[in-house]
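Below you'll find the structure, written out as C-alpha cells, and then a few comments.
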Amino acid sequence: MTLLNYTRWIPRMICALTSFWLAAGTAWADDRITNFMLIDQHGEATELYYHDDASAVVLMAHRIESPLVAESARTLAAVQQQFSNVRIFLINAIEDEDREAIRTDMKDIDVNMSVLDDRAQLVTRALGLTHAGQALVVDTKTWQVLYRGPVVDSVAGSANPVGDVLAQHTSGDPATLTVTAMPASHGSEELPLPDAAERDAYQHISYTDSVAPILMRKCVDCHRPGGIGPWAMTSHAMIQGFSPMIRETILTKRMPPWHADPAVGNFAHDISLTIEEEQTLVNWIEAGARRGDGPDPLESVAAVESTWALGEPDLIIDLPGFTVPATGVLDYENFAVANPLATPVWVRAVQIIPGDRQAVHHVIATVGPPSPANDADDGDALTDPQLMTFVPGNEVYQYPEGTGLYVPANSSFYAQMHYTTYGREASDNTRIGLYFAEQAPEHVLQHYAIINPQLQIPAGAREHEETAYYQFQRDAIIYALFPHAHYRGKASRFSLRYPDGSEELVLSSPNYDFNWQRYFKFEQPRHVPAGTMVVHRTVYDNSANNLSNPDPDRTVSWGEQTSEEMLYGGISYRYADAGNTDPDANSRVDAEAHFVTSVALGFLDTSLDGRVSLDEMPGNMRGQLAAAFESLDYNQSGGLEYDQLYVLMTQTPVGEALMDAF
C-alpha cells in the first residue's frame, strides 16, 4: 500500500480489526461485518468495502439446484431493479460446487447475479450464514447488519422482508437490527459448515507442526530481518501479536501477494495459500492463536543474506546509488550502466541483489543500445531484451534449458527501479550478476510487450476494458506472462486465440495490484502454432472508489508516469525451431519494423480477426490509406494481415508516418 492512499485505508482497517476483536464464535457481537474479497463464477473479484458508495449491500448464501434458492435469487433480482444503489451478491460455500456448475445453475434459473466462491467457508462463517437462502442487509456507512433472515417466507406479515428493510433504510428512517430465525421451510438448506466438535478442535491446531510451516513456505521470504516485509516473522509472539492483521489480509487476499486466479493455470513459485492453508491459519487465529507444545520454527528465521546463489557471477553490474527518502510516493527511477565487455556474450542466468531489500520493490533489467553518457532515456523497457524482473522471493532467474540472451559489446545495461519508503531514509546500491554460457544456445530467449498506446480511460469509469494482442508468425513456446498497468489497473487476463478460432484463458489476475508485479511462469511451457494470438485484456477503475486512483476526474491516456496508464503485457518465449543465433540477427528481441508492425496489428485490429480493416485505422489517415489498402489486400480479405501490414509500415510514406507515430 502506498502512502498516497494509506490514510484513506485507515477507516477500513480500523473497522476490520475491530470486527475481529468483537468476534464471538463465528458471529460478531454487534453484527458488524468484516471486509473480505472473493472471486465470482465469472472469475471477477469483489471486495466488500469497495462498495461503500452504495446505500446498502445484500449478501445471500447460495447453493445450486435448489428451488428455494432459485426463488430467493429471483426475488433479489426484483429487489435490485427497485433499488438501483444497492449491491447484491450471492455467496456459495459448498465445496463441490465449482464455478462452472454455478454458471450453469444461474443460467438455468435465468438470474444474472454475481455468485462469490467461498469454498474455504471462512467468509460464510464470519458472516454467520447458516442456510442457503439466508440473507444479510448491510449498512455501508457502519458495516452493521440491518437484517438477518430469509429472503422468501412470510415473516412478521412481510413476503419481502429484504425489500421492506431496504425501503426503510433508503428513506432515511433509522433501521434497527432485525434478526429472524430461519423458518422450517429452509430446514433442508442448512449449509455443510463445521459443527461444534470440529470448531472445538481448532483450539488444538499445532502452531509447531501446522501453522509455522505454512508461514515458512509462503511468508518468510519477505517477512524476515532485512526483508521487504514491514515486520519479521521471528517467533510465535510476533505472529500472535499480528494475528488480527494476518486474518484480515487473508480474508481480503492482500497477502500473500499472489494475484493469479487459482482456477486458471498452474505457475511456478506460487506463493498463494491453498484452501486448506487458509482454513488452518484463520481457524488457528480465531481459536486464540495458541502457542501449544513443541519448538518454534520461526526462531530459526535468519536475516536475508546478500549472496550469489549460483556462485560468483561472470559480470557484476553495480547500479548507481540512490537515496530513498523516509516518506512519500516515488516515481520509477531508471539507471543506465555501460557494458564494460569488449566482446559479445550469451547470458544463461541472472541474479539481482538489492542494496536495501526493504526499499526495493521491483527491478526490471534490460540490455540495449550504447549510452555514452549513461542516460537512462537511451534504453526502452518496451523493446529492449529483458534480462530479468526482480520481485521479493524471485531474485534468481536461470533461463530455460537451451536458451540464452545475447549481449553485444558496446551496449548498455538499463534498470527500471521501483522504490518504496518505509519510515526512514535509506541508501540503495543494487547489483546485477550475469552468468555467461560457454557457447551460443540453440534458441534465443525472446521478450515481447503487448501494448495499446491509444488507450483512453474515461473519467470516473469503474470498469473500462482495453485490449491488444501479439500474433506469433512462427511456432513458439511461451514460458511466462507479465501483466502491467498503473494505479487504475483492476484486473488483467491473457488468452490464447488459436488459428482455428478457439480461445483459451491461460492467466487471470482478477485483483491486480500495481504494488506487486511479477512474471507468471508456467509450470509447463505452452507450445503454440504460428498464427496464435496472445490476447491481453486489462480492466481499469478510474472511479473514486479506487483508493489508489490519483485523479478520478481525469480522462487518462497512455504514459509511463504512474499518474497515466498502460496496457502492457509481457511475453517470455522462444521460437520452436532452432533459432538463428547469429549476433547481428539477434542483438535485439525483434527488428524494430517487426515490433511496430506487430504492435499496430495488435491494437488496431479491434475485431481480433487477424487483419486491420480500413475502418479500424485512425480516422484522419483513412483517406491517405485507401489506395494502399486496396493494392496490398491482394487476397481480398477486407483488411491487411501481418505480412501486408508490414509492407505498408515499411515501404510506403504513409506507413513510415505511422511508424513514427507509434
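For the reader, a short list of remarks on this structure follows.
- Residue 102 of a type outside the set (S, T, N, Q), crowded, with 19+ Cβ neighbours inside 10 Å and part of a helix (DSSP H, G or I): yes
- Residue 116 aliphatic (A, V, I, L, M), in contact with a His (Cβ under 7 Å, 6 or more places away or on another chain) and buried (at least 19 other Cβ atoms within 10 Å of the Cβ): no
- Selection from the range 393-414 of residues that are part of a strand (DSSP E or B) and either buried (at least 18 other Cβ atoms within 10 Å of the Cβ) or without any contact (Cβ under 8 Å) to a residue 24 or more places away in the chain (or both): 394, 397, 403, 404, 405, 406, 407, 412, 413, 414
- Residue within the range 181-189 that is farther than 18 Å from residue 61 by Cβ, open to solvent by less than 20 Å² (accessible area, probe 1.4 Å) and either more than 31 Å from the chain's Cα centre (by Cα) or modelled with pLDDT of 95 or more (or both) present: no
- From 307, 327, residue being closer than 24 Å to residue 407 by Cβ, β-branched (Val, Ile, Thr) and part of a loop (DSSP other than H, G, I, E, B): 307
- Whichever residue in the range 362-386 is closer than 14 Å to residue 409 by Cα and either of a type in the set (Ser, Thr, Tyr) or crowded, with 17+ Cβ neighbours inside 10 Å (or both) and, among such residues, is farthest from the chain's Cα centre (by Cα): 371
- The residues on offer are 199, 217, and the sole one that is among the basic types (Lys, Arg), loosely packed, with under 14 Cβ neighbours inside 10 Å and out of contact with any Asp or Glu (no Cβ under 7 Å at 6 or more places or on another chain) is 217.
- Output for the range 329-361, where each listed residue is open to solvent by less than 30 Å² (accessible area, probe 1.4 Å) and farther than 21 Å from residue 412 by Cα: 356, 359, 360, 361
- Residue, surrounded by the fewest Cβ atoms within 10 Å (Cβ to Cβ), within the range 464-523, restricted to residues that are of a type in the set (Lys, Arg) and assigned to a strand (DSSP E or B): 521
- Hits in the range 224-249 - residues which are touching a Leu at 6+ places or on another chain (Cβ under 8 Å) and either modelled with pLDDT under 95 or assigned to a helix (DSSP H, G or I) (or both): 236, 238, 239, 244, 245, 246, 247, 248
- Leading residue by the ranking (farthest from residue 47 (Cα to Cα)) among those in the range 539-570 that are among the small types (Gly, Ala, Ser) and surrounded by 18 or more Cβ atoms within 10 Å (Cβ to Cβ): 570
- Check on residue 166, more than 30 Å from residue 261 (Cα to Cα), touching a residue at least 24 places away in the same chain (Cβ under 8 Å) and buried (at least 22 other Cβ atoms within 10 Å of the Cβ): yes
- Subset of the range 415-447 that is at pLDDT 95 or above and aromatic (Phe, Trp, Tyr) - its residue that is surrounded by the fewest Cβ atoms within 10 Å (Cβ to Cβ): 436
- In the range 243-288, of all residues being open to solvent by 10 Å² or more (accessible area, probe 1.4 Å), of a type in the set (Ser, Thr, Tyr) and under 28 Å from residue 506 (Cβ atoms), the one that is nearest to the chain's Cα centre (by Cα) corresponds to 272.
- Selection within the range 616-633: residues that are over 15 Å from residue 653 (Cβ atoms), open to solvent by 40 Å² or more (accessible area, probe 1.4 Å) and not acidic (Asp, Glu). The member of this set that is modelled with the lowest pLDDT is 620.
- Boolean, residue 435 is in contact with a helix residue (DSSP H, G or I) (Cβ under 8 Å, 6 or more places away or on another chain) and either of a type in the set (Asp, Glu) or in a strand (DSSP E or B) (or both): no
- Residue 243 meets the stated requirement of being among the hydroxyl-bearing types (Ser, Thr, Tyr) and free of Cβ contacts under 8 Å to residues at least 60 places away in the same chain.
- Note on the range 145-218: enclosed helices (runs of 4 or more DSSP H) holding 2 or more residues that are under 30 Å from residue 82 (Cα atoms) are 161-170.
- Leading residue by the ranking (least open to solvent (accessible area, probe 1.4 Å)) among those in the range 52-97 that are in a loop (DSSP other than H, G, I, E, B) and without any contact (Cβ under 8 Å) to a residue 24 or more places away in the chain: 84
- Of the residues contained in the range 445-461, none is found to be assigned to a strand (DSSP E or B), more than 27 Å from residue 605 (Cα to Cα) and either among the hydroxyl-bearing types (Ser, Thr, Tyr) or under 25 Å from the mean Cα position of the chain (by Cα) (or both).
- Selection within the range 624-637 - farther than 22 Å from residue 453 by Cβ and part of a helix (DSSP H, G or I): 626, 627, 630, 631, 632
- Of all residues in the range 181-201, those that are free of Cβ contacts under 8 Å to residues at least 40 places away in the same chain have Cβ atoms under 6 Å from Cβ atoms of residues that are open to solvent by 40 Å² or more (accessible area, probe 1.4 Å) and part of a loop (DSSP other than H, G, I, E, B), 6 or more apart or on another chain, in 183/153.
- Filter result (of a type outside the set (S, T, N, Q) and either open to solvent by less than 40 Å² (accessible area, probe 1.4 Å) or within 17 Å of residue 623 (Cβ to Cβ) (or both)) within the range 638-653: 639, 640, 642, 645, 648, 649, 653
- Considering the range 571-598, and only residues there that are of a type in the set (Val, Ile, Thr) and either touching a Cys at 6+ places or on another chain (Cβ under 7 Å) or crowded, with 20+ Cβ neighbours inside 10 Å (or both), the residue that is modelled with the highest pLDDT turns out to be 571.
- Annotation for the range 604-615: at least one member residue is open to solvent by 30 Å² or more (accessible area, probe 1.4 Å), assigned to a helix (DSSP H, G or I) and at pLDDT 85 or above.
- Scan of the range 289-304 for residues that are in a loop (DSSP other than H, G, I, E, B) and open to solvent by less than 30 Å² (accessible area, probe 1.4 Å), ordered by number: 289, 296, 301
The values are calculated or read from the model by the stated rules, or taken from the named source; none is laboratory data. It should be emphasised that the depicted structure is a prediction, and the values quoted were computed from it without experimental measurement. We place every Cβ from the backbone using ideal geometry, glycine too, and count neighbours over all the protein chains shown. What goes into the accessible areas is simple: the full protein's heavy atoms, side chains included, and nothing from ligands, DNA or RNA. Shrake-Rupley method; radii C 1.70, N 1.55, O 1.52, S 1.80 Å.
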